[in-house]
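FYI, it's all coordinate maths here, none of it is from the lab. Model, not experiment: these values are computed from the prediction. Positions of Cβ are generated from backbone atoms using ideal geometry, with glycine treated the same way; all protein chains shown enter the neighbour counts.
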Amino acid sequence: MTTSEMATTSSETFEPKIIAFCCNWCSYAGADLAGVSRLQMPTNFLVIRAMCSARVDPEHVLRAFSKGADGVLVLGCHPADCHYIGGNYRTRRRIALLKMLLEQYGLDPDRLHLEWVSASEGTRFQATIKDFTEKMKELGPSPLRGADKDPNRESAGY
Amino acid sequence: MADKMGAVLVVGGGISGVQTALDLAESGFKVYLVENKPSIGGVMSQLDKTFPTNDCSMCILSPKLVEASRHPMITLMTLTDVLSVDGEAPNFKVKVVHNPRYVDFDKCVGCGICAEKCPVKVPNEYDVGLMIRKAIYIPFAQAVPLKYSIDATKCLKLNKDRCGLCEKNCPAGAIKYDDKPVEEELDVGAIILAPGFNVFDAKLKKEYGYGIYQNVLTSLEFERFLSATGPYGGHVVRPSDQQTPKKVAWIQCVGSRDEKTGNTYCSSVCCMYAMKQAIIAGEHTAGLKPTIFFMDVRAFGKEFEDYKVRAQNEYGIEMHRAARVANIIEDPETKNLILRYSDPSTNEVSEEEFDMVVLSVGLQPPVGATSLSKIFNIDLNSYGFAGTSTYSPLSSSRDGIFVTGAFAAPKDIPTSVAEASGAAAKAGAYIADKRGVLEESTVQEIDVEGQEPRIGVLVCDCGINIAGTIDVPAVVEYSKSLKNVEYAEEGKYACSADCQERIKDLIKEHNLNRFVVASCTPRTHEPLFQSTIKEAGLNPYLFEMANIRDQCSWIHMNEPERATKKAKDLVRMAVAKSRLLEPLYESKLPVTHSAVVIGGGISGMTAALDIASQGFKVDIIERTGALGGNAANIHHEEDGKKISTFAKELADKVNADKNITVHLNTEVQDVGGFVGNFKIQTSQGEIETGSVVVAVGAEEYKPTEYLYGQNSNVVTQLELEAKMESGNVPAKRIAMIQCVGSRNTDAPYCSRVCCANAIKNAISLKKADPSKDIYVFHKDIRTYGFREDLYKEAGSLGVKFIRVPEDKPPVVSQDGSALTLTAFDTILGDDVTLHPDMIVLSTGIRPHADNEELAKMLKVPLSKDKYFLEAHMKLRPVDFATNGVYLAGLAHWPKFSDESMAQASGAAARAITIISKPELKSEGVIAAVNDDMCDGCAICEPVCEYKAITIVVDPKDAEKKKAVVNEGLCKGCGCCVAACPSGAMEQRGFKNQQIIAAIDAALEECD
């Protein structure tokens, strides 16, 4: 493990906050494998485990942005490898629609990213986290940061 | 019920013994697990990490130990020896003696005050004498059972009638100085021996100065150096001056492949563990430069070759191929060590100085193997290990007595675990008519309905895996500040037996109704903690984990502050979710009590016969027109019988077995259903089954190189065997080329079997006609285990071995039909040219190209080399992550027939743990409909991949419709929940509110 692998952020002051939804069977296992393999990566993300990427409700993504996330990753099994047969195909359609919605709300659709990471792809998990963190640093803070001050702005139903 | 239940005696409480006990217990048999030490765990408990995943050894072992000690069908007998075995299978009478513990087992609470007060200091066996224990002690902190015992040879009271401090100070009044041995007679149907191994005594290799030079260690000692619980807290230091070493050398084959020590065999595991130790030492110590001195790198197991490549390229480990290191001389001033060795590439004697040397000691038969063989009346082989044969790799020489693990031959952990399961299948066959039913535990569940959350948090150090990076006390303090957290503390290993007791105590003491453990991944450890809180009366779903190791400390090793902050974030998220957790209940599902085996090679047939022998129906699905698989074409002899002959006999047995139905020329087309209730659609119709064994095998690589197919004198080893079978090998000069289609860019892995098979054929040819010239061109010779003797025999018969560089394979050309082979001989340091009459290609093993289709149908993964990928490479070698589907043989990885058969028996045992149960439980995490909110729009119905949702007329209102979830079919993906527009569909355990609580907590600002 070389220290040069680590994200050098000294010149940057902005540290993006990223939520990474991982499916239990592929990408969460891939994230664990990255750990087992001691692959180093930036600390900016927090993983939320879901059984399937298709469990990730559009509402969850919007909630994350409304609470100040700078980026949201949804990670699932590769096409045709979904533990639940075809959940990831639904995820793919939902994320595509959501990106259009985000754009309409004035958010850069690149702030939401879908990636396939299998249980044997610790390195791909690492690369995804590194790349997305860099990308979010380039985009800068989300315009919705701090927009959540109004306590009445709860999302419907909660 | 209990007195009629069939029972098995398991001797040895290492990982093999524990696994075999668990599989038998889960199949409905009573197990007496006998261990002569005060606690179970074996050598695996002493290891720091395990190859090739670098998993923390204790972390993956501990849950198994806890499970074994808790299982109602397993009677754990520690400090117990077997005295005699009378009768025969299935009516053995075994006399055992429970040696005195001098501590009342039932009264001892494991508080450790006795050991604190005890004045007698003794070198600790667990730390190979590197640390001190007391005369009253537990072998290690996570010992199972967590009960102290008195070392009678050291105790002052027992020897000199002085002291008595432990008795005076024991708060439980558990000390029993007058404890006596107690004999007991056990009735068992079968016996499994798993006494493990001992390491070679390095003092016998005087030239290395072990025991004289302080900085020369054995590899087992070095494991303790690397361990967080070891003498230096996981820091690599020199014993002589406690300084951090810069240059560390590993010397391989100490007490292996060595006639001088009498151990001619290869110990199979040392190459891999040395590379692992070198990698981990490098991780622990900045600037450390590891060098490994070896003869051949025997990286033959699953993904081992990749590990070797990473060790060299990524971790900069210098692999020094040398003849044996001749001797070591210590510099008396610096205590540095000077290694003298002859470098085979120059043939000159070289010297190099190191700060520290680790001797990779080999594996030997366990101490007491001879007395075991007498007590159980079984044969040992010429090396002193248990005698087994190729065609019954798990059977001892006595009917009804089986062996598993390193007792039969040196082997690694996954092989031992697969065999352990296999031995369970074999033993179970003797008592299949006496299967019992496990009774539910009767802990009264605490009703938490309407209670304000009272959350307990345990933050795990995981030795130094977490605490080495994350400030654990700070995370504990932070946890205490969170809303609804009643109590938080730190634990050394959250998964250890003592921590399970601690969690239960905390729940009772603080009246907790939710529990959060911040440690490793829920994928491996959630079930353990769930059963712990269940024992304390909490519903197991009132539990949540924060993954602060795999997904925090391990991936942010160089950023301790940020990692600590992130760990706090993760705990805050887990606590937020846990506030909203609700009790969940599993429903019971019926089980189809039969199995399907896909593939009719020797693995598939073995698995089928083992399952059938316990009285279950089995369907073998074979796509070709005959049983036998690859074995039908392997004509060389093992143990006096041709493999092809054995395959034929096995097929006859299968055909004669009334429990087995063979479907030839049949393809699997689709797999539906779930554990206990699969529906296999084949080209010949549908089969319902409770469990599936994947034994589809693999195929021989079809070469395109070395003029194969262009010159009739270029053949594969299998083709050579066919020629030898018909006595038609006129060639005088024969060149064999190893690693054809292995260890190259197409297939970077080692095919494991080719070295031994080539050598076996070379020996046969040479014996039939000593005038034949036979050359073997190789990169390494990987004749591991007892197969090393073949290598030696071939050498003494005059077979010539020529090592070529890894990146420079031989070149073959032809002039007419005359062959010319040119290769770079690394010993000569020059090209050699040969004109062989025949070239034999040792072709590798390749996975079937259509593995992917079957994997998709079964919803199981493939490895990067396209072999089927098991649930865990170390401790679940025949399981898939998908319940009810198991794996054996070449479909898993290249291996020999005996290894395939042992693994197939293992897969059979695992399948039996499912199909022997009267019923299974559904998942707790499934979809549920809120009837009040559902308006029957039916959007969810087509979304469900499992057809678990139906739209029915609302029984309360005939005008309305609503969705209903079939709990047996629902797999709990939550896909329908995200699709539901009205918020009526929910996923238990992953409710919207719960996920949103975690999102909100993640984005909350904290310090």
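Segment B:702-721 and segment B:407-464 have Cα centres lying 50 Å from one another. Each of B:Ile507, B:Ile446, B:Ile136, B:Ile329 has some number of other Cβ atoms within 10 Å of its Cβ, and from fewest to most they run B:Ile329, B:Ile446, B:Ile507, B:Ile136. Checking the a/c ratio against 1.5 first, then a/b against b/c, what shape does the Cα gyration tensor give for segment B:320-465? Oblate.
To the nearest 500 deg cm²/dmol, what mean residue ellipticity at 222 nm is calculated for chain B from DSSP H runs of n ≥ 4 alone, each contributing -39,500 (n - 2.57), summed and divided by the residues?
So the calculated ellipticity at 222 nm is -8000 deg cm²/dmol.
Computed over segment B:797-898, the quotient of the alpha carbon radius of gyration and 2.2 N^0.38 Å is 1.62.
Antiparallel beta bridges, as assigned by DSSP with both residues in segment A:16-139, represent about 5 percent of the total such bridges. Dividing the alpha-carbon radius of gyration of segment B:144-219 by the rule-of-thumb value 2.2 N^0.38 Å gives 1.79.
Ordered from longest to shortest, the equivalent ellipsoid semi-axes for the protein assembly as shown are 46, 37, 34 Å, each the square root of 5 times a Cα gyration tensor eigenvalue. Look at the alpha carbon pairs under 8 Å that are at least 6 residues apart: their mean separation over the length of segment B:786-889 gives a relative contact order of 12 percent. Length gained on full extension, B:Ser796 to B:Thr745: 15.0 nm, using 0.36 nm per residue less the C-alpha separation. As a rough footprinting exposure proxy, the listed residues B:Trp554, B:Trp893 were ranked by other beta carbons within 10 Å of their own, and the order from fewest upward is B:Trp554, B:Trp893. Take the Cα of B:Glu352, step 7 Å toward its Cβ, do the same at A:Tyr89, and the gap between the two points is 5.6 nm. Find which of B:Cys499, B:Ser256, B:Tyr706 sits farthest along the positive direction of the dipole of the protein assembly as shown, computed with +1 on the beta-carbon of Lys and Arg, -1 on that of Asp and Glu, about the Cα centre. Of the options given, the answer is B:Ser256.
Based only on Cα atoms, what Rg/Rh ratio does segment A:16-139 have, Rh being taken as Kirkwood's radius?
Numbers: Rg = 13.4 Å, Rh = 14.2 Å.
Result for segment A:16-139 is an Rg/Rh of 0.95.
Here the label points at B:Lys642 and B:Asp433, each 7 Å from Cα along the C-beta direction, are separated by 3.9 nm in the simple model. Across peptide B:989-1001, the average count of Cβ atoms from other chains found within 10 Å of a residue's Cβ is 5. Close amide H partners of B:Arg876, meaning residues 5 or more places away or on another chain with modelled amide H under 5 Å apart, do not exist here. Going by a ≥ b ≥ c, the root eigenvalues of the Cα gyration tensor, does segment B:1-121 fall in the rounded group (a/c under 1.5), the prolate group (a/b larger than b/c) or the oblate group? Oblate is the answer for segment B:1-121, as a/c is 1.5 or above yet b/c matches or exceeds a/b. A Förster radius of 41 Å, combined with the Cβ-Cβ distance separating B:Gln242 from B:Glu477, puts the computed FRET efficiency at roughly 0.80. With both residues required to sit in the protein assembly as shown, DSSP beta bridges show an antiparallel share near 45%.
Compactness ratio for segment B:776-849: Cα radius of gyration over 2.2 N^0.38 Å (N = residue count) comes to 1.27. Each Lys and Arg contributes +1 and each Asp and Glu -1, all at the Cβ; summed about the Cα centre of the protein assembly as shown, the dipole is approximately 940 debye.
For segment B:380-529, the spherically averaged projection of the C-alpha convex hull amounts to 13.9 nm². Note: relative contact order over chain B, using C-alpha pairs below 8 Å and six or more positions apart, is 11 percent. For B:Asp815 and B:Asn655, the difference between the fully extended length at 0.36 nm per residue and the C-alpha to C-alpha distance is 52.5 nm. Phi-derived couplings, Karplus 6.51 cos²θ - 1.76 cosθ + 1.60 at θ = phi - 60°, listed residue by residue for segment B:294-309: 9, 9, 9, 8, 9, 9, 9, x, 5, 6, 6, 4, 4, 4, 5, 4 Hz, with x used for Gly and Pro. Taking the square roots of 5 times each eigenvalue of the Cα gyration tensor of segment B:1-54, largest first, gives ellipsoid semi-axes of 27, 13, 6 Å.
Each DSSP beta bridge with both residues in segment B:636-755 is either parallel or antiparallel, and the antiparallel ones are about 100%.
For segment B:285-339, the fraction of alpha-carbon pairs lying more than 12 Å apart is 74 percent, rounded to a whole number.
Cβ-to-Cβ counts within 10 Å put B:Glu919, B:Glu719, B:Glu419 in ascending order as B:Glu919, B:Glu719, B:Glu419, the fewest first. Between segment B:48-114 and segment B:731-773, the alpha-carbon centres lie 45 Å apart.
Once C-alpha pairs closer than 8 Å and six or more residues apart are averaged by separation and normalised to the residue number of segment A:16-139, the relative contact order reads 39 percent. The residue list B:Phe300, B:Ala278, B:Asn327 was ranked by how far each Cα lies along the charge dipole of segment B:251-355 toward its positive end, using unit charges on Cβ atoms, and B:Phe300 comes out on top.
Rg and Dmax over the alpha-carbon atoms of chain B stand at 29.8, 96 Å.
Residues of segment B:975-989 with an amide N closer than 14 Å to a point placed 7 Å from the Cα of B:Asp935 along the Cα-to-Cβ direction: B:980-985.
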